[in-house]
Amino acid sequence: MTRILTITNQKGGVGKTTTTINLASALKHQGYKVLIIDMDPQGNLSFCANAETVLSATIYEVLKGEVKLQHAIQRTAIIDIVAANILLSGIEMEYTQSGREFLLRNALQNIRPYYDYILIDTPPGLGILTINAMSACNGILIPMVADIFSLQGITQLHETVQQVRKYSNPNCTIEGVILNKYNDRVYLNREVKGTAELVLNDLKLKLFDTSIRSSIKVAEAQSSQQDLFDLIKQGDVAQDYLNLVEEILQGETHVQ
Ligand SMILES: Nc1ncnc2c1ncn2[C@@H]1O[C@H](COP(=O)(O)OP(=O)(O)OP(=O)(O)O)[C@@H](O)[C@H]1O
Ligand SMILES: [Mg+2]
């Protein structure tokens, strides 16, 4: 059964795009068929995957119903991707009628049998693009960084997911929270992790045992548009992503 995972956090710069691309690569290296979808008009995921954003059809045309999703998939050296560009920001203004939260879910219907995993990157904020991604998925992954502002946003995000479960996608569950750019040697990081455990426990949310460490290799892979696992065959941060995949797979057996 295809798993559709939305990577989201309304806070900017916490690692949504980074988690999406590297988790997708890690899953691909484990032998799974993976598609990633860029739902952010910034197009950062499309850049990381070395996708064409001007000459090819993007998720914008797909959501508008002008192009079928399967015709917007680009197969780059890194991954299969449906790209995005700035035009995507128009969806908010162009669609005001009810049912607009299901544009992505409807578009994904025909493609599901071809992939084991579909990972969706979202923009910062809780607008209609994020709601579309939440309404289309089975599971939500929340990357956060170990600072106090990130933690404050989690309660609001949790409430938004409850609303989505109530009104548009009763089957979607929060798989867990991933601490990103984590440095065990920094006291404040450890302290926020401790507080995060308490806050998440109260909300009945799981904090993944695996944290993703801060590594310059992550940024290097992105700026040179390379697969992290080609750049560093083995290495601490690559191992973090493989461990995270392992944990996500284990979680699925509990769900089913
Ligand atoms: N584990 C990591 N180690 C080092 N740098 C990282 C790591 N994760 C993310 N970064 C860097 O942090 C910055 C923000 O990451 P990213 O773009 O993935 O966040 P985002 O949540 O997608 O941001 P936005 O809200 O703008 O979409 C990027 O420059 C990225 O290279
Ligand atoms: Mg991003």
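Candidates 189, 201: the one that is modelled with pLDDT under 95 and closer than 23 Å to residue 154 by Cβ is 189. If you go through region 214-256 and keep only what is assigned to a loop (DSSP other than H, G, I, E, B), of a type in the set (Ser, Thr, Tyr) and either touching a Lys or Arg at 6+ places or on another chain (Cβ under 8 Å) or within 28 Å of residue 172 (Cα to Cα) (or both), you end up with just 214. Note on region 66-78: residues that are surrounded by 16 or more Cβ atoms within 10 Å (Cβ to Cβ) and of a type in the set (Gly, Ala, Ser) total 1. Only one of the numbered conditions (1) closer than 22 Å to residue 164 by Cα; (2) more than 13 Å from ligand 2 (Cβ to nearest atom); (3) not hydrophobic (A, V, I, L, M, F, W, C) is not met by residue 65, and that is (1). In region 112-151, the residue that is modelled with the highest pLDDT out of those that are over 18 Å from the mean Cα position of the chain (by Cα) and more than 16 Å from ligand 1 (Cβ to nearest atom) is 114. Among the residues of region 86-97, is any surrounded by 22 or more Cβ atoms within 10 Å (Cβ to Cβ) and not in a helix (DSSP H, G or I)? No; the residues of region 86-97 include none that is surrounded by 22 or more Cβ atoms within 10 Å (Cβ to Cβ) and not in a helix (DSSP H, G or I).
Quick grid of which residues meet (1) of a type outside the set (S, T, N, Q); (2) free of Cβ contacts under 8 Å to residues at least 24 places away in the same chain; (3) farther than 22 Å from residue 23 by Cα:
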{"residue": "83", "(1), (2), (3)": "yes, no, no"}
{"residue": "87", "(1), (2), (3)": "yes, no, yes"}
{"residue": "90", "(1), (2), (3)": "yes, no, yes"}
{"residue": "99", "(1), (2), (3)": "yes, yes, yes"}
{"residue": "110", "(1), (2), (3)": "no, no, yes"}
{"residue": "113", "(1), (2), (3)": "yes, no, no"}
{"residue": "174", "(1), (2), (3)": "yes, no, no"}
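Residues in region 1-49 that are within 17 Å of residue 217 (Cα to Cα), hydroxyl-bearing (Ser, Thr, Tyr) and out of contact with any Asp or Glu (no Cβ under 8 Å at 6 or more places or on another chain) were compared, and the one that is farthest from ligand 1 (Cβ to nearest atom) is 19.
Within region 224-240, residues that are without any contact (Cβ under 8 Å) to a residue 12 or more places away in the chain reach no partner that is among the β-branched types (Val, Ile, Thr) and surrounded by 19 or more Cβ atoms within 10 Å (Cβ to Cβ) with beta carbons closer than 8 Å at six or more positions or on different chains.
For region 173-204, give me each residue that is outside any helix (DSSP H, G or I) and surrounded by fewer than 20 Cβ atoms within 10 Å (Cβ to Cβ). The answer is 173, 183, 184, 185, 186, 203, 204.
Among the residues of region 18-48, what is the count of those that are of a type in the set (Ser, Thr, Tyr) and within 10 Å of ligand 2 (Cβ to nearest atom)? Please lay out each step first, then the result.
The initial filter retains those residues of region 18-48 that are of a type in the set (Ser, Thr, Tyr), namely 18-20, 25, 32, 46.
If we keep only those that are within 10 Å of ligand 2 (Cβ to nearest atom) too, we end up with 18-20.
Total meeting the criteria: 3.
Return a yes/no flag: does region 144-156 have any residue that is within 20 Å of residue 119 (Cα to Cα) and touching a helix residue (DSSP H, G or I) at 6+ places or on another chain (Cβ under 8 Å). Checked against the condition, which is being within 20 Å of residue 119 (Cα to Cα) and touching a helix residue (DSSP H, G or I) at 6+ places or on another chain (Cβ under 8 Å), region 144-156 yields at least one hit.
Just checking, does region 103-113 include any residue being in a loop (DSSP other than H, G, I, E, B) and within 16 Å of ligand 2 (Cβ to nearest atom)?
Looking only at region 103-113, we keep the residues that are in a loop (DSSP other than H, G, I, E, B), and these are 109-111.
Cutting the leftovers down to within 16 Å of ligand 2 (Cβ to nearest atom) gives us none.
Within region 103-113, not a single residue is in a loop (DSSP other than H, G, I, E, B) and within 16 Å of ligand 2 (Cβ to nearest atom).
Condition test on residue 63, is it hydrophobic (A, V, I, L, M, F, W, C), closer than 13 Å to residue 133 by Cα, more than 14 Å from ligand 1 (Cβ to nearest atom) and surrounded by 22 or more Cβ atoms within 10 Å (Cβ to Cβ)?
Details: hydrophobic (A, V, I, L, M, F, W, C): yes; closer than 13 Å to residue 133 by Cα: yes; more than 14 Å from ligand 1 (Cβ to nearest atom): yes; surrounded by 22 or more Cβ atoms within 10 Å (Cβ to Cβ): yes.
The answer is yes for residue 63.
Within region 27-48, residues that are assigned to a helix (DSSP H, G or I) sit with their Cβ atoms under 8 Å from residues that are at pLDDT below 95 and surrounded by fewer than 20 Cβ atoms within 10 Å (Cβ to Cβ), at 6+ positions apart or across chains, in these pairs: 29/229. Looking only at region 2-17, decide whether some residue is within 13 Å of ligand 2 (Cβ to nearest atom), part of a helix (DSSP H, G or I) and either buried (at least 21 other Cβ atoms within 10 Å of the Cβ) or touching a residue at least 24 places away in the same chain (Cβ under 8 Å) (or both). Yes: one or more hits.
The values are calculated or read from the model by the stated rules, or taken from the named source; none is laboratory data. Quantities reported herein were computed from a predicted structural model and do not represent experimental measurements. All Cβ positions, glycine included, derive from the backbone under ideal geometry; neighbour counts span all protein chains shown.
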